[in-house]
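This report refers to the structure that appears directly beneath it.
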Amino acid sequence: MHYRQQHFAVPTNSQIEAAAALLRAGGLVAFPTETVYGLGANACDDKAVARIYAAKGRPVFNPLITHVADSQQAFSYGKYIPDAERLMEAFWPGPLTLILPRRHDAALSLLVSAGLDCIGLRAPAHPVAQALIKACGMPVAAPSANRSGRISPTMAAHVAEELGEADVMILDGGACSVGIESTVLDLSGAQPAILRHGSVTLEMIEKIIGRIGAACDGAIKSPGMLESHYAPETKLRLNALHVEAGELLLGFGRAEHATLNMSESGDLTEAAANLFSMLRALDKMRASRIAVMPVPMEGLGIAINDRLTRAAAPR
Ligand code: TXA
Ligand code: MG
């Protein structure tokens, strides 16, 4: 798969080398991926991984995705499963995270899987992420680079806003082309199950490995999928067909009164790329509520609606 970068702010080789050295020394590096920015640490170093949890204010029970260069590196940490290999061939590097049973000899911090006997693995497509992982020579544990419970950052400036106080090097790779987090597919149980919807859709996955049962135990298996998540401070009203007094309108498709529009042409890919940065911008306007127009429940729209529902959940 190929991802179009919207604009470039490409770090130099020496900046990537410096970031890789910082990772090896146990430091934190925020870096762009095609989905959202990640907050990375050496996945083999317990202390470094613990720094991620501290910087995010994240509950320790929430496991982290380990970012790798390729399938070979992935299978040195996760058990080999033929379906996993097929999916890696089809979608890696790219926005698909696979949960595999953790190998007993996996030389990874136990903290990355937060006590579970499975491990989340992903090879990101963004050239800066790939260069960083290769230069580092280590797997990179990285959640989204926001404070826990807040909107994922899709630009380097968002990361600075979120983690301003923390001791982090930020690599700027421009705006993320996909804009919502990777699809999380659990292959560690009896049945494959989607734990988080993303731009690799159920239909795309079923084309490669056949039908997946409807069963989705996401709430238990993926503790990061808490109801209230991706939360702006301003309240949200979903499926809004008109604007009420005091509201801002986040549009989709033709919308005369939209304060911001995820995609005037009704394009779901464009809408996904704009979703988090527009929620963030509207949140800053401090209105009493953000009304969001309906987004169709098909393809990428399923992932967009999932994030919107969580952002609107009571907290
Ligand atoms: O697109 C993405 O996936 C971004 C970029 C940086 O790669 N990362 C990201 O990470 O969104 P995070 O930590 O914000 O979300 C990872 C999700 C969480 O819901 C977590 O609970 C789940 O994946 N997860 C990770 N490892 C898991 C495991 N071993 N078992 C079950 N769920 C896991
Ligand atoms: Mg996150």
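Throughout, read-outs are computed from the coordinates displayed, never taken from laboratory work. Because the structure is predicted, anything quoted here is derived from the model rather than measured. Neighbour counts are summed over all protein chains in view; Cβ atoms, including those assigned to glycine, are modelled from backbone coordinates with ideal geometry.
Quick notes
- Sequence ranges 185-192, 12-19, ranked by mean other-Cβ count within 10 angstrom, highest first: 185-192, 12-19
- Here Lys235 is the anchor, and the lysines within straight C-alpha reach of less than 20 Å, apart from those fewer than 8 places off in the same chain, are Lys284.
- Close amide H partners of Ala114, meaning residues 5 or more places away or on another chain with modelled amide H under 5 Å apart, are Leu64.
- Counting DSSP beta bridges with both ends in the chain, the antiparallel % (nearest 5): 45 percent
- With Cα atoms, 0 to 90° folded angle of helix 46-56 axis to the chain main axis: 10 degrees
- Value at 222 nm in deg cm²/dmol, rounded to 500, when DSSP H runs of n ≥ 4 in the chain each add -39,500 (n - 2.57): -9000 deg cm²/dmol
- Ignoring lysines fewer than eight residues from Lys47 along the same chain, the ones with Cα atoms less than 22 angstrom from its Cα are Lys56, Lys134.
- By the count of other C-beta atoms within 10 Å, a proxy for reagent exposure, Tyr230, Tyr37 are ordered fewest to most as Tyr230, Tyr37.
- Listed peptides 303-309, 164-170 by packing density, highest first (mean Cβ within 10 Å): 303-309, 164-170
- Separation of alpha-carbon centers, the stretch 289-307 and the stretch 68-117, rounded to whole Å: 30 Å
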